[in-house]
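The values are calculated or read from the model by the stated rules, or taken from the named source; none is laboratory data. Just so you know, these numbers come straight off a predicted model, no measurement behind them. Because the Cβ atoms are built from the backbone with ideal geometry, glycine has one as well, and the counts that use them run over all protein chains shown. Note: areas computed on protein heavy atoms with side chains; ligands, DNA, RNA excluded. Shrake-Rupley method; radii C 1.70, N 1.55, O 1.52, S 1.80 Å.
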Amino acid sequence: MSMFNLELRVTEFGSILARQIFLEDVTNQNREVKNWDQGEGFQFKKLSNFQVSDFELDVFVGCQGIAGGTLKCEVFIDGNNVGDIASRVEDHFFAHKSFNV
């Protein structure tokens, strides 16, 4: 089991009408990230002492909107940017990526 400080930063490009971001399990509605804070040009969510059962953090990103819209989610573990994941409106499914912790 791994425990770490997690920060997610979300940036929308184009017309995004709805978005969903899940951690670890896209089928569990309780794992959806909600109540975002506003930054300069992005929204963010900080989760202290976040736990995963293994050594990978799974992030699922999906969006709906007008064609051409893109949602980008940057992932920070213990203050370090470990990468990002993007979803396009045209994809019609959740983008998924695993990050080593």
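Below is a table of values for the structure above.
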read-out: Positive-pole candidate from Thr11, Leu47, Phe60, dipole of the stretch 1-87, charges at beta carbon; value: Thr11
read-out: Charge tally in the Cβ shell below 9 Å around Gly68, where Lys, Arg are +1 and Asp, Glu are -1, Gly68 excluded; value: 0
read-out: 14 Å reach of a label modelled at Phe42, 7 Å along Cα-to-Cβ, counting backbone N of the stretch 77-101; value: 77-87
read-out: In Å², nearest 10: area of Asp58 left accessible to a 1.4 Å probe; value: 30 Å²
read-out: Residue-normalised accessible area of the stretch 1-96, expressed per residue, 1.4 Å probe, Å²; value: 58 Å²
read-out: Euclidean distance between Cα centres, the stretch 62-101 to the stretch 18-38, Å; value: 12 Å
read-out: Qualifying GluC sites (Glu not before Pro) for the stretch 18-101 [loop in DSSP, other Cβ within 10 Å: at most 14]; value: Glu40
read-out: The chain: radius of gyration and largest Cα-Cα distance (Dmax), Å; value: 13.0, 40
read-out: Per-residue SASA entry for Leu17, accessible area with 1.4 Å probe, Å² rounded to 10; value: 140 Å²
